[in-house]
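Single-structure report; data block below.
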Amino acid sequence: AKEQGKNKYKVFHSGMNIESYRTFLLQSDLRKAIERDELSLVFQPKINVQTGKVSSVEALVRWKHPKWGMIPPNEFIPLAEEIGVIMDIDKWVLHNACKQIAQWKNNELSSIRIAVNFSAQHFIQQNLVTEVKEQLEMTNIDPTLLEIEITETALLGNEDFIITTLRKLKELNIHVSLDDFGTGYSSLNYLRVFPFDTVKIDKAFIQELTQQGEKSHAIVESIIYLANKLAINVVAEGVETIEQLNILKELYCNEYQGYHFCRPLPPAELFEFLEKYEKI
Ligand code: C2E
Ligand code: CA
Ligand code: CA
Ligand code: CA
């Protein structure tokens, strides 16, 4: 999908000029977004399927463009990757997630882990572990409350380097998760080779879970079965209905995430939501 996104601007079509002009403007504005304080974080809970308790929340970045309003991450993250600004955005997200953990230290959210998404480009940086360590020290938080999600794309290439990086993060007591599992170049072998604590099943499979005759059910069942056998925590993302949740329960999925429970929320609203439903 990422490749397609890039090619879109190279193929000639009547809308090209406007589209590439928007890309050009967005990319130049992206470079200034951090210093202009236009980025913010929203948080979406992951819930234990059996107990209904919230174990962690995923931090998702939002960009409010001064002229065009909210730009979805699916649009600006690929643009940020193209111009290398993604490293700065990921660092900003990491820093602010750690600050949030520090802020929650003294309230009911004190045991809730925050997961941040690292882009593949960022994950393969030589100094990544040092950078994470610095953030932990700067904010003085408990490392077990930090989780890093990476997609399979980050696993392509230098296998030994990636395994070493994952091990170093785990030595720091950080939780590491494999995101969007089942899409792209997915291999079941990844679960054996790389030392992940959690695997997240991509929402594309979850959305087809209740549709008759779909292969997704068998795929989800296999991933959960395998993860359970390998003692890897398994999370289903994009759960929108009670029917989907019920199937996941039957299949012994550990955790779920999705609009059925709650949309990603700004910190104050999240706190209010969780308090109201006594999920903490
Ligand atoms: P992701 O990491 O797979 O995040 C899950 C996406 O699914 C989020 O979209 C979330 O809002 C959405 N979602 C949650 N529940 C449901 C549901 O029940 N149904 C449906 N249809 N969608 C649901 P969002 O926030 O727009 O982010 C899209 C993608 O952008 C993320 O996918 C991630 O790849 C990237 N992204 C977001 N924040 C960051 C970030 O801070 N850093 C990096 N590097 N990438 C980010
Ligand atoms: Ca994610
Ligand atoms: Ca995902
Ligand atoms: Ca995704």
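The values are calculated or read from the model by the stated rules, or taken from the named source; none is laboratory data. Since we're looking at a predicted model, the values are computed, not measured. All Cβ positions, even for glycine, are placed from backbone atoms using ideal geometry, and neighbour counts span all protein chains on display.
Just a few scattered comments:
- Checked against the criterion of being surrounded by 17 or more Cβ atoms within 10 Å (Cβ to Cβ) and among the polar types (S, T, N, Q), the candidates N254, N246 yield just one match: N254.
Results for (1) within 17 Å of the chain's Cα centre (by Cα); (2) within 16 Å of ligand 1 (Cβ to nearest atom); (3) modelled with pLDDT of 95 or more, shown as yes or no for each residue.
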residue	(1), (2), (3)
V199	yes, yes, yes
L209	no, yes, no
G213	no, no, no
A236	yes, yes, yes
I242	no, yes, yes
I247	no, yes, yes
E250	no, no, yes
C253	no, yes, yes
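- Test: E131 is within 13 Å of ligand 1 (Cβ to nearest atom), over 19 Å from A268 (Cβ atoms) and among the acidic types (D, E): no
- Taking the listed residues E108, E131, the one that is part of a loop (DSSP other than H, G, I, E, B), touching a helix residue (DSSP H, G or I) at 6+ places or on another chain (Cβ under 8 Å), more than 18 Å from L41 (Cα to Cα) and acidic (D, E) is E108, with no other qualifying.
- Checking each residue in the range 165-188 for being under 19 Å from A236 (Cα atoms) and more than 16 Å from ligand 4 (Cβ to nearest atom) picks out H175, V176, S187, L188.
- Residues of the range 139-148 that are within 15 Å of V176 (Cβ to Cβ), outside any helix (DSSP H, G or I) and either out of contact with any Phe, Trp or Tyr (no Cβ under 7 Å at 6 or more places or on another chain) or away from ligand 1 (no atom under 12 Å from the Cβ) (or both): L146, E147.
- Scope the range 228-280; condition of a type outside the set (D, E, K, R), without any contact (Cβ under 8 Å) to a residue 24 or more places away in the chain, over 20 Å from I112 (Cβ atoms) and not in a loop (DSSP other than H, G, I, E, B); matching residues: I242, N246
- Top-ranked residue of the range 167-206 - restricted to ones that are of a type in the set (S, T, N, Q) and assigned to a loop (DSSP other than H, G, I, E, B), ranked as nearest to ligand 2 (Cβ to nearest atom): T183
- Taking the conditions (1) outside any loop (DSSP other than H, G, I, E, B); (2) modelled with pLDDT of 95 or more in turn, R36 satisfies each one other than (1).
- Of the residues examined, K229 is one that is more than 18 Å from the chain's Cα centre (by Cα), surrounded by fewer than 13 Cβ atoms within 10 Å (Cβ to Cβ), within 29 Å of I162 (Cα to Cα) and not small (G, A, S).
- Tally of residues being more than 16 Å from ligand 4 (Cβ to nearest atom) and either part of a strand (DSSP E or B) or over 20 Å from the mean Cα position of the chain (by Cα) (or both) across the range 39-60: 14
- Pairs, first of a type in the set (S, T, Y) in the range 200-215, second surrounded by fewer than 14 Cβ atoms within 10 Å (Cβ to Cβ), C-beta under 6 Å, six or more apart: T210/E243
- Residue ID - modelled with the lowest pLDDT, chosen from residues in the range 150-166 that are within 15 Å of ligand 2 (Cβ to nearest atom) and not in a helix (DSSP H, G or I): T151
- Test: residue in the range 113-121 that is in contact with a Leu (Cβ under 9 Å, 6 or more places away or on another chain) and at pLDDT below 95: yes
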